[in-house]
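Q: Quick one: the structure is below, and I'll ask about it shortly.
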Amino acid sequence: MSSLYTRRGWLALGALAIALFAAVPVCALLVPAGSPLHLSEYWVSLAGKILCYAVVALAMDLVWGYAGILSLGHGLFFALGGYAMGMYLMRQIGLDGVYHSPLPDFMVFLDWKAYPWYWRFSEHFWYAALLVVLVPGLLAYVFGWFAFRSRIKGVYFSIITQALTFAAMLLFFRNDTGFGGNNGFTDFKRILGVPLATPQMRVVLYALSAAALIGTLLLARWLVASKFGRVLAAIRDAEQRVMFCGYDTTHYKLFVWTLSAVVCGIAGALYVPQVGIINPSEMSPANSIEIAIWVAVGGRGTLAGAALGAVLVNGAKSAFTQLLPEYWLYFLGLLFILVTLFLPRGVMGLLPRENAA
Amino acid sequence: MRNLVATLLLALAAFAPPALALDAAVVHQLALGDTSEDKIAAINALLESGDEQAEPLLKALLAGSVQTSGERVLIVNGDSARDAVTGEKVSPLPTDASDVVLNNRVRGVLDAAVSALRLVSPERATRLKAARELADDPRAAALPVVEKALARETDPEVKGLLEIVAASVRLHAGGKAERIAAIRTLAASGNSKTETLLLPLLAKKPDGAWAEPDAEIRDAAQASLAAVRGHLAWGDRLGLLFAGLSLGSILMIAALGLAITYGLMGVINMAHGELMMLGAYATYVVQNLFRAWAPGAFEWYLAAAVPVAFAVAGVVGIVLERSVIRWLYGRPLETLLATWGISLMLIQAVRSMFGAQNVQVDNPSWMSGGVQAMANLVLPWNRIYIIAFAALVVAGIWLLLTRTRLGLFVRGVTQNRAMAGCVGVPTARIDTLAFGLGCGVAGLAGCALSQIGNVGPALGQGYIVDSFMVVVLGGVGQLAGTVYAGIGLGLVNKLLESWSGAVIAKIVVLVVIIVFIQKRPQGLFALKGRAVEA
Amino acid sequence: MKRRTFVKGLTLGAATAATGLAAPALLAKSKTVKVGVLHSLSGTMAISETVLKDVALMTFEEINKKGGVMGHMIEPVVVDPASNWPLFAEKARQLLTVDKVACTFGCWTSVSRKSVLPVFEELNGLLFYPVQYEGEELSYNVFYTGAAPNQQAIPAVEYLMSEDGGGAKRFFLLGTDYVYPRTTNKILRYFLHAKGVTDADIEEVYTPFGHSDYQTIVANIKKFAAGGKTAVVSTINGDSNVPFYKELGNQGLKATDIPVVAFSVGEEELRGVDTKPLVGHLAAWNYFMSIKNPANEAWKKEWAAYAKKKNLPSAAKPLTNDPMEATYIGIHMWKQAVEKAKTFDVDKVIAAVGGQKFKAPDGFTIEMDERNHHLHKPVFIGQIRADGQFDVVWKTKGPIRAEPWSPYLPEDKGKQDVPEKMTKKS
């Protein structure tokens, strides 16, 4: 464990953990509402949302920064995890919906009389949790198995991940698919019987997101520092040579690809109760491309950098769309261009090189 | 004999020298009548009067040039008008003149009336068009005029249509033999209206009994219906083929530029859609300039818009290549991201300049409407022209690539960059020019798209995934791949759509491509030879 | 080193700029009241919603010139949720908790409204929603200034079935695939059943947002029409209307043959279309720009002048439409309610909005119902003219009351015409 980070690294991580786990909940729950230190629910949810994005960035960094696979469809796994959790949350609404019906509102206006077969068991939390892990994982496994086996890589791979997420988005936009269509899932009331809209619940969800972030960071760090990680880096740099050395690169790529998808799914499941809505636009190709830019801005191949990039870009987005909405796209576009041209190692590249990847 | 004389006299009477003035009461009822029934009665009265002034009045009413001012009814022509009843000029136009509003029911009757009047025009084209319109909407009121016209008609096509019109009206009138004769005549029709007319003969009343008691008539109707449906099915099949070809041509021209840049430089240009959008906006600007400076030549603004769109998109492409893309060679994934950033900026720039709303690009009149290929098949002109345009562009690019020096260099650099450089090809300049060419073709695609759909800042986003699919499917390095992939995808998409709806068709096509790529990663038409992957 | 300084400098500069822009808002301490404007200024819905933001700002200016609301100048807080539904919820929360706005005017699509609804109910905010919608909703915190189905869809279908409208016997229900067309078509289907039209004579087809290839669908409409006199009821949203109407015109589908009535097509949506082949097709709204009366002339003039002054992109050809009118009415009704309640407190203002009256550009004095949070609105059926405007071919004698819970839907039996106030936060 001690070889994962240097002393400075552990100190930084510790400081971060304190800030995340102690400072924020205190400011949100214990500090009185009038004080300037008070964090309203808005900020807590925003912070939780950004932390989920940071987890996704970590997952993306694993496949891109360490295995050299640029996926432009990772948003799909994130959204699938979100939908799995969303199904459970819709069940939890119970009879409190607009129509006071056991079915969700969107099924009522479609004139459906019962839940379709793929909604069965979704009222149980453990089943939803299982789906959160299995659905993105299985899809990633199948897709990856076919793709890596055919040795598709580089730009072609990126394009077909775009096609995959685009096709899924079209599928989920259909109301007939039974996932709420364009509306998606919204109007959540409870999770595990506990109401969602209280400050306490928000802080709990936020803390879980923070825990997920720290956990993923440590897991990823352990993975890339191990022998597995070294082979992965070799695959990224010169795959054919690694193959000639006798390694089955497909297995390595498939493993990290599936792991990344599962992590995204978990992040999605934490994201949905905090944002209060999931709908197919999370699967849009543009969203997935944005994930890539978070990692690029922060610095790919450095895990902390990816998380940092996610925080920076999303923080800027929230600020810009409030202050200068007409200029947000210029800023984002310029960011893409400048980072790829001038900051190939991202923001982390500006710091003196510490941890060789 | 006596009948013949009577008919001749009637016919002569119908074309008698001009009457004095129209019946003022009828004209008043037409324009200022309270209810639709009043207006329809007035139209029928005018039609039956045979008055020569009736025709221009009814035509003006259909064209929207009739206005009322107080109690007067005026036919307006620009700034001046003339009284519909007396014919005297009224100038200037009274300020309180307001349009006569017709609802769809009145307009339908008016349409039929004007078509009926046009049936006796000396020009065949007018008569044919009028006969087609009547076949679409056979009304009992038009029967006398139709029969009159049938008596004089010599052209076989027009005569055939008129017979169908007459038969449609006679379907429910007269004795059994006449009705069966009418039904048999209708079998030759390929018009879906005929199906609408025959179906009630085969319907059942709510209590289960046949609506048409006579079995012989029902059998004749059944036979005719089958024949009509046979004609209609052909129209459907051809329509499907045309739709697939149209979609395919659009996909092809959209993907062509991308194929050029990717095949040559391995650069996937995510801003490709936005370059198409720039071409569309260039067309919009040219349209506006023509409207402001050369309104007389407005019909030909497209002829100017095509080169402008090419130039604008091409120049932007060259600027992009020089400023951003050339620094990212050998790093295709970064190029992907950088060009995506460019696309975001282009979208916002256009939004700031032209607004977030769509802009209006009007089709010139020769591109509006369609050609009636069959009774139930209308092929829109704009799609026909776009298919032709796409074919021309492909031919032009083919010529460029195979017959010019530039094309030779481009092909050489595509096949083996290092070797081409060794033999003296200026690879950097070729890259710039080829990228500009690819972007220019994207601009042409945008110009074509502006005639079919929306022109707005997000125009490109709708076509980017499709363009990628065509390129990935078709393989790079050869034009044929893009052509076959584009047309093929268009046809497959439309075929699936007729079974399962648009969305499922698109999803299935995407999944099929994803699977296909596993089997054949290099696409349909790939360059032979060993390629070492970076 | 150079690069690092560059990035540092850039960040510093951006931060300063941001603070500088925020400073005026912090400094203004005179009597103002903050009002939120929640419309998409980018993304797919920018096309329809940007003009609503502009008309809201114009109305605020108009009110401020006359002394503001209860002496307070309106300070607009404009946010851009970018046609992104989760972002709508986040921006709504921001407006209510960070900016603490007294009232919000916003949303267009039902998705956006449904995603902000829980936020407004949780935080007890106030939203005025100006767009025609599918009904089946009645929230204590929302006032609906757009039409409910019985103020738009039902009268339109009744007109189509009448002789003047063409005497339609078969109906082709074509819509974009989301809650508004789905629910509206569901209501229409039950309504048609009640009028004796069977399912065999009803066809329902949905296309996704942004769909642009209508060749097959128009061909299917023609085929369907062979079975009897057909009318098309279009709930296609925004963008897609342009290629749909172009295809209609080019394939020669005449309005006298197969009339198309649309519920989401107004003057603004026809801006990008050649309307000459579309003459005779219909739309149903509670306002048309072509309505002649002094109030409308004055309002159109005000809008044209404002567009010119602010150099808006649409200033060359300023158009007004129904949602703009609804926004205008909503803002004035809020002002009147505040002045009646003599406070900005949300609960008291909500109680005061019911019963408000306003002389609207459509020529009628519009009234907010005492109980059901909807306006009484007149219905106009308009027919497309060659110049892109509408001629009114039918209208109700006066405003009619909204029925947010449709009497035709079996599951709406027993629903109260009053919002269920949330008594506890759940």
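Q: Going by what's in this entry, would B:Leu333 be described as free of Cβ contacts under 8 Å to residues at least 24 places away in the same chain and within 13 Å of chain A (Cβ to nearest Cβ)? Quick ask: steps written out before the conclusion?
A: Numbers: free of Cβ contacts under 8 Å to residues at least 24 places away in the same chain: yes; within 13 Å of chain A (Cβ to nearest Cβ): yes.
Answer is yes for this residue.
Q: Is it the case that some residue within the range B:120-142 is buried (at least 21 other Cβ atoms within 10 Å of the Cβ), among the aliphatic types (A, V, I, L, M) and either at pLDDT 85 or above or outside the structural domain of B:Ser189 (by TED's automatic domain parsing) (or both)?
A: There is no residue in the range B:120-142 that is buried (at least 21 other Cβ atoms within 10 Å of the Cβ), among the aliphatic types (A, V, I, L, M) and either at pLDDT 85 or above or outside the structural domain of B:Ser189 (by TED's automatic domain parsing) (or both).
Q: Also: Determine whether A:Ala147 is outside any helix (DSSP H, G or I), under 30 Å from A:Tyr247 (Cα atoms) and more than 14 Å from chain C (Cβ to nearest Cβ).
A: On the way: outside any helix (DSSP H, G or I): no; under 30 Å from A:Tyr247 (Cα atoms): yes; more than 14 Å from chain C (Cβ to nearest Cβ): yes.
No, not satisfied.
Q: On the given criteria, is A:Phe185 open to solvent by less than 40 Å² (accessible area, probe 1.4 Å), over 19 Å from A:Leu270 (Cα atoms) and under 20 Å from the mean Cα position of the chain (by Cα)? First the steps, then the outcome.
A: Working: open to solvent by less than 40 Å² (accessible area, probe 1.4 Å): yes; over 19 Å from A:Leu270 (Cα atoms): no; under 20 Å from the mean Cα position of the chain (by Cα): yes.
When the stated conditions are applied, A:Phe185 does not pass them.
Q: Can you tell me which residues in the range C:95-118 are in contact (Cβ under 8 Å) with a residue 12 or more places away in the chain, farther than 23 Å from C:Thr184 by Cα and either open to solvent by 10 Å² or more (accessible area, probe 1.4 Å) or assigned to a loop (DSSP other than H, G, I, E, B) (or both)?
A: Correct list: C:Leu96, C:Thr97, C:Asp99, C:Lys100, C:Val101, C:Ala102.
Q: Is one or more of the residues making up the range A:297-311 at the interface with another protein chain (Cβ under 9 Å from one of its Cβ atoms) and open to solvent by less than 10 Å² (accessible area, probe 1.4 Å)? Before the answer, list the steps.
A: Residues of the range A:297-311 at the interface with another protein chain (Cβ under 9 Å from one of its Cβ atoms): none.
No, every residue in the range A:297-311 fails to be at the interface with another protein chain (Cβ under 9 Å from one of its Cβ atoms) and open to solvent by less than 10 Å² (accessible area, probe 1.4 Å).
Q: Go through (1) surrounded by fewer than 20 Cβ atoms within 10 Å (Cβ to Cβ); (2) closer than 29 Å to B:Met345 by Cα; (3) among the acidic types (Asp, Glu) and name the single condition A:Glu282 misses.
A: (1)
Q: Let me ask you something else. Give just the number: which of (1) in contact with a helix residue (DSSP H, G or I) (Cβ under 7 Å, 6 or more places away or on another chain); (2) within 19 Å of B:Glu48 (Cα to Cα) does B:Arg152 not satisfy?
A: Condition (1) is where B:Arg152 drops out.
Q: Could I ask something else about it? Output the residue which, of all residues in the range B:143-158 that are of a type outside the set (Val, Ile, Thr) and open to solvent by 90 Å² or more (accessible area, probe 1.4 Å), is nearest to B:Ala113 (Cα to Cα). Give the steps one after another, and end with the answer.
A: Of the range B:143-158, the ones of a type outside the set (Val, Ile, Thr) are B:143-144, B:147-153, B:155-157.
Pick out the ones that are also open to solvent by 90 Å² or more (accessible area, probe 1.4 Å) and you get B:148, B:152, B:156.
Values: B:Lys148: 14, B:Arg152: 18, B:Pro156: 23 Å.
Only one residue tops the list, namely B:Lys148.
Q: Can you tell me how many residues in the range C:252-275 are within 15 Å of C:Asp239 (Cα to Cα) and assigned to a loop (DSSP other than H, G, I, E, B)? So that I can check it myself, show each step before the final result.
A: In the first step, residues of the range C:252-275 are kept if they are within 15 Å of C:Asp239 (Cα to Cα); the result is C:262-274.
Subset that is assigned to a loop (DSSP other than H, G, I, E, B): C:263-268, C:273-274.
Counting residues in the range C:252-275 that are within 15 Å of C:Asp239 (Cα to Cα) and assigned to a loop (DSSP other than H, G, I, E, B) gives 8.
Q: Of everything in the range C:276-301, what is within 12 Å of chain B (Cβ to nearest Cβ), open to solvent by 10 Å² or more (accessible area, probe 1.4 Å), touching a residue at least 24 places away in the same chain (Cβ under 8 Å) and in a loop (DSSP other than H, G, I, E, B)? Give them in sequence order. Outline the logic, then answer.
A: Applying the first criterion (within 12 Å of chain B (Cβ to nearest Cβ)) to the range C:276-301 yields C:276-282, C:290, C:292.
Narrowing the set further to residues that are open to solvent by 10 Å² or more (accessible area, probe 1.4 Å) leaves C:276-277, C:279, C:290, C:292.
Still in the running and touching a residue at least 24 places away in the same chain (Cβ under 8 Å): C:276-277, C:279, C:290.
C:Val279, C:Ser290 - these are the residues of the range C:276-301 that are within 12 Å of chain B (Cβ to nearest Cβ), open to solvent by 10 Å² or more (accessible area, probe 1.4 Å), touching a residue at least 24 places away in the same chain (Cβ under 8 Å) and in a loop (DSSP other than H, G, I, E, B).
Q: Among the charged types (D, E, K, R), within 14 Å of chain C (Cβ to nearest Cβ) and either touching a Lys or Arg at 6+ places or on another chain (Cβ under 9 Å) or surrounded by fewer than 20 Cβ atoms within 10 Å (Cβ to Cβ) (or both): which single residue out of A:Arg190, A:Arg241 fits that description? I'd like the intermediate steps shown before the answer.
A: Working: A:Arg241 fails: within 14 Å of chain C (Cβ to nearest Cβ).
Sole residue among the options that is among the charged types (D, E, K, R), within 14 Å of chain C (Cβ to nearest Cβ) and either touching a Lys or Arg at 6+ places or on another chain (Cβ under 9 Å) or surrounded by fewer than 20 Cβ atoms within 10 Å (Cβ to Cβ) (or both): A:Arg190.
Q: With B:Leu110, B:Leu93 as the choices, which residue is open to solvent by 20 Å² or more (accessible area, probe 1.4 Å) and of a type in the set (A, V, I, L, M, F, W, C)?
A: Working: B:Leu110 fails: open to solvent by 20 Å² or more (accessible area, probe 1.4 Å).
From the options B:Leu110, B:Leu93, the qualifying one is B:Leu93.
Q: Please go through (1) over 24 Å from A:Gly68 (Cα atoms); (2) modelled with pLDDT of 90 or more; (3) under 19 Å from the mean Cα position of the chain (by Cα); (4) not basic (Lys, Arg) for A:Leu171 and return the number of the only condition it doesn't satisfy.
A: (3)
Q: Just wondering, is there one or more residues in the range C:345-361 that are part of a loop (DSSP other than H, G, I, E, B) and within 14 Å of another protein chain (Cβ to nearest Cβ)? Walk me through how you get there before you give the answer.
A: Within the range C:345-361, the subset part of a loop (DSSP other than H, G, I, E, B) is C:345, C:354-356, C:360-361.
Add one more test, that the residue is within 14 Å of another protein chain (Cβ to nearest Cβ), and what stays is none.
No, the conditions are met nowhere in the range C:345-361.
Q: Of all residues in the range C:199-213, count the ones that are more than 9 Å from chain B (Cβ to nearest Cβ) and at pLDDT 90 or above. Let's see the steps before the verdict.
A: As a first pass, look at the range C:199-213 and keep what is more than 9 Å from chain B (Cβ to nearest Cβ): C:199-204, C:209.
Those still in the list that are at pLDDT 90 or above too: C:199-204.
Within the range C:199-213, residues that are more than 9 Å from chain B (Cβ to nearest Cβ) and at pLDDT 90 or above number 6.
Q: Can you tell me which residue within the range B:222-244, out of those that are among the hydrophobic types (A, V, I, L, M, F, W, C) and within 24 Å of B:Asn382 (Cβ to Cβ), is nearest to the other protein chains (Cβ to nearest Cβ)? Can you show your working first?
A: Narrowing the range B:222-244 to residues among the hydrophobic types (A, V, I, L, M, F, W, C): B:223, B:225-228, B:232-234, B:238, B:240-243.
Adding the requirement that they be within 24 Å of B:Asn382 (Cβ to Cβ) leaves B:234, B:238, B:240-243.
Values: B:Trp234: 13, B:Leu238: 11, B:Leu240: 8, B:Leu241: 11, B:Phe242: 8, B:Ala243: 4 Å.
For the range B:222-244, the residue satisfying everything is B:Ala243.
Q: Any idea which of B:Ala349, B:Ala305, B:Ala297 is among the small types (Gly, Ala, Ser), more than 14 Å from chain A (Cβ to nearest Cβ) and surrounded by 16 or more Cβ atoms within 10 Å (Cβ to Cβ)?
A: Details: B:Ala349 fails: more than 14 Å from chain A (Cβ to nearest Cβ); B:Ala297 fails: surrounded by 16 or more Cβ atoms within 10 Å (Cβ to Cβ).
None of the others qualify; the one that does is B:Ala305.
Q: Kindly provide the set of residues from the range C:125-134 that are in contact with a Phe, Trp or Tyr (Cβ under 9 Å, 6 or more places away or on another chain) and at pLDDT 90 or above, ordered by number.
A: The first filter runs over the range C:125-134 and keeps only residues in contact with a Phe, Trp or Tyr (Cβ under 9 Å, 6 or more places away or on another chain), leaving C:126-134.
The answer is C:Leu126, C:Leu127, C:Phe128, C:Tyr129, C:Pro130, C:Val131, C:Gln132, C:Tyr133.
Q: Just name the residue that is nearest to the other protein chains (Cβ to nearest Cβ) out of those in the range B:486-508 that are surrounded by 22 or more Cβ atoms within 10 Å (Cβ to Cβ) and modelled with pLDDT of 90 or more.
A: B:Lys494
Q: Here's something else I'd like to know. Within the range B:371-425, track down each residue that is of a type outside the set (A, V, I, L, M, F, W, C) and within 14 Å of chain C (Cβ to nearest Cβ). Show your work before the answer.
A: Initial filter on the range B:371-425 (of a type outside the set (A, V, I, L, M, F, W, C)): B:372, B:376, B:380, B:382-383, B:385, B:396, B:402-405, B:407, B:411-412, B:414-417, B:421, B:424.
Of everything in the range B:371-425, those that are of a type outside the set (A, V, I, L, M, F, W, C) and within 14 Å of chain C (Cβ to nearest Cβ) turn out to be B:Gln372, B:Asn376, B:Pro380, B:Asn382, B:Arg383, B:Tyr385.
Q: Check whether at least one residue in the range B:439-460 is within 14 Å of chain A (Cβ to nearest Cβ), in contact with a helix residue (DSSP H, G or I) (Cβ under 7 Å, 6 or more places away or on another chain) and either of a type outside the set (A, V, I, L, M) or open to solvent by less than 40 Å² (accessible area, probe 1.4 Å) (or both), and report yes or no.
A: Looking through the range B:439-460, at least one residue is within 14 Å of chain A (Cβ to nearest Cβ), in contact with a helix residue (DSSP H, G or I) (Cβ under 7 Å, 6 or more places away or on another chain) and either of a type outside the set (A, V, I, L, M) or open to solvent by less than 40 Å² (accessible area, probe 1.4 Å) (or both).
Q: When you go through C:Ala351, C:Ala386, C:Ala337, C:Ala341 one by one, which is the residue that is hydrophobic (A, V, I, L, M, F, W, C), without any contact (Cβ under 8 Å) to a residue 40 or more places away in the chain and open to solvent by 50 Å² or more (accessible area, probe 1.4 Å)? Full working, then the answer.
A: Details: C:Ala386 fails: without any contact (Cβ under 8 Å) to a residue 40 or more places away in the chain; C:Ala337 fails: open to solvent by 50 Å² or more (accessible area, probe 1.4 Å); C:Ala341 fails: open to solvent by 50 Å² or more (accessible area, probe 1.4 Å).
None of the others qualify; the one that does is C:Ala351.
Q: Does the range A:178-199 include one or more residues that are free of Cβ contacts under 8 Å to residues at least 60 places away in the same chain, assigned to a helix (DSSP H, G or I) and either in contact with a Leu (Cβ under 8 Å, 6 or more places away or on another chain) or on the phi < 0 side of the Ramachandran plot (or both)?
A: No: zero hits.
The values are calculated or read from the model by the stated rules, or taken from the named source; none is laboratory data. Just so it is clear, the model here is predicted, and its values are computed rather than measured. A quick note on method: Cβ atoms are made from the backbone with ideal geometry, for glycine too, and the neighbour counts reach across all protein chains shown. All accessible areas refer to the heavy atoms of the entire protein, side chains included, with ligands and DNA or RNA removed. Shrake-Rupley method; radii C 1.70, N 1.55, O 1.52, S 1.80 Å.
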